[in-house]
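Take a look at the structure set out below.
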Amino acid sequence: MTSRERIALAAESIQDFLPDEHTAALVTSGVNRRYLSGFPSSAGAVLITKRSAKLLLDFRYFEAAQKTIQPPPEVIRCTRLIDDLNRIFLEENIKSVIIEDEAVTVAQMKEFSDAMIPQVMSGGLSEKLCELRMVKSDDEIERITTAQRITERAYTEVLNHLRPGVTERSIAVELEHLIKLYGGERVAFDLICITGANTSLPHGVPGERVVGDGDFFTFDIGAVYEGYHSDMTRTVAVGHADDDMRMIYDTVLTAHKKAFDAIRPGVTASDIDKAARDHIAECGYGEYFGHSTGHGVGLEIHEAPTVSGKSPTVLKAGMVITDEPGIYLPGRFGVRIEDTVLVCPDGARSLADIPKELIII
Ligand code: ZN
Ligand code: ZN
């Protein structure tokens, strides 16, 4: 499926979701505007009615959007968004507008309610978009995979610079530079490049800590390519690894593999979490694995579905989730191993192409 076909299908799904021809869906969040148009912009709206799908953009974006977007959505130039929306509401006889509950602020809601002609209401649009975005089409999977390849190229190169005496910060800066050099729009999140005792902090921030002989180094890194994110964590040892480090590493790797082996359509996300968590608990480290096993990845680095013990989402082919168990021993060290994984009709396929066995640099 091409991007254009996927966008047209998404618009049709939103049209099916609308209860009648007098109701419109108004999408104002940047991420969902991009999902429904393929076009990034810092302002604007997508308006979908039973009859039409329109992308309203101001002067700054209009020309570029017109050149790149093959309708739907039809690109409309707007001067003052609410006035232009009201004009369309009148033209199409729209009486109610469903907004994105999870994206509209209280201030926007007040503005919309005061200035829009139709009745403004909530009604499951955020959930509908979330449900659509959870299952990726080929064009989206390709972009996530490209983001991952960019990350891998940068990671492989930066390993050459990892040695005792370098700082976490210098590795993080180098990685960010290489990710952009190799085609990443930007890094997918603040890169986590941490070493030594800092590795017990799941979301540690790279600082002036210097890599020492016998330390772990954790890379939790990703790139953005055409709006889509990648997410990968590798933990490597510098110089050597003692028996405890090897044992914890093996425990996390087995948990990661158990979760991966459980991924297939029809199972609930909580079963994936359980597969990893039970293994870590059986090995006696349950209390040191305090986060979820994974999350969805796409236009956002963290999106649905959550892969936690409470997640009721039933996996479907096309979902992209992470598999990232970890064990964190306070004051000593931590290990996390993460791949971004595609749910396939017959199981799962990792989008990462970097070995997971412990490497000693
Ligand atoms: Zn990550
Ligand atoms: Zn992650």
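The values are calculated or read from the model by the stated rules, or taken from the named source; none is laboratory data. Please read all numbers here as calculations on a predicted model, not as lab measurements. For neighbour counting, all protein chains shown are included, and Cβ atoms are generated from backbone atoms with ideal geometry for every residue, glycine included. SASA here: full protein model, heavy atoms, side chains in, ligands and nucleic acids out. Shrake-Rupley method; radii C 1.70, N 1.55, O 1.52, S 1.80 Å.
Worth pointing out:
- At most 10 other Cβ within 10 Å, DSSP loop - trypsin sites (Lys or Arg not before Pro), segment 75-146: 80
- Accessible carbon and sulfur surface of segment 221-361 relative to its total accessible area, %, 1.4 Å: 51
- Taking label points 7 Å from Cα along the Cα-to-Cβ direction, residue 201 and residue 142 give a separation of 4.1 nm.
- Rg(Cα) / (2.2 N^0.38 Å) computed for segment 259-314, rounded to two decimals: 1.14
- Helical mean residue ellipticity (222 nm; -39500 (n - 2.57) per DSSP H run of 4+; nearest 500) of the chain: -11500 deg cm²/dmol
- Three principal axis lengths of segment 38-181 [C-alpha, angstrom, descending]: 67, 34, 31
- Normalised contact order of the chain, rounded percent, pairs of Cα under 8 Å and 6 or more residues apart: 14
- Gyration tensor analysis over the Cα atoms of segment 206-257 returns equivalent ellipsoid semi-axes of 25, 18, 6 Å (largest first, whole Å).
- Accessible area per residue, Å², segment 1-93 with all protein chains present, probe 1.4 Å: 47
- Per residue value of the accessible surface for segment 263-339 (all protein chains in place, 1.4 Å probe), Å²: 37
- Restricting attention to the chain, lysine pairs at least eight places apart or on different chains and with alpha-carbon atoms under 19 angstrom apart total 17.
- Kirkwood hydrodynamic radius computed over segment 2-69 comes to 12.2 Å, based on all pairs of distinct alpha carbons.
- Backbone N under 14 Å from the residue 360 label point (7 Å along Cα→Cβ), restricted to segment 193-217: 213-216
- Using only alpha carbons, the chain has a radius of gyration to Kirkwood radius ratio (Rg to Rh) of 1.04.
- Comparing 293, 28, 156 in a Gaussian network model of the chain where C-alpha atoms under 10 Å apart are linked, the largest mean-square fluctuation is found at 156.
- Legend: calculated FRET efficiency, residue 244 to residue 317, from the Cβ-Cβ distance at R0 = 51 Å, rounded to 0.05, equals 0.80.
- Whole-number D in µm²/s for segment 37-118 (Stokes-Einstein; Kirkwood sum over Cα pairs; 10 °C, 1.306 mPa s): 119
- Global dimensions of segment 206-355 from alpha-carbon coordinates: Rg and Dmax equal 15.4, 46 Å.
- For the pair residue 1 and residue 180, the difference between a 0.36 nm per residue extended length and the Cα-Cα distance amounts to 61.7 nm.
- Probe 1.4 Å - accessible area at residue 50, Å² to nearest ten: 80
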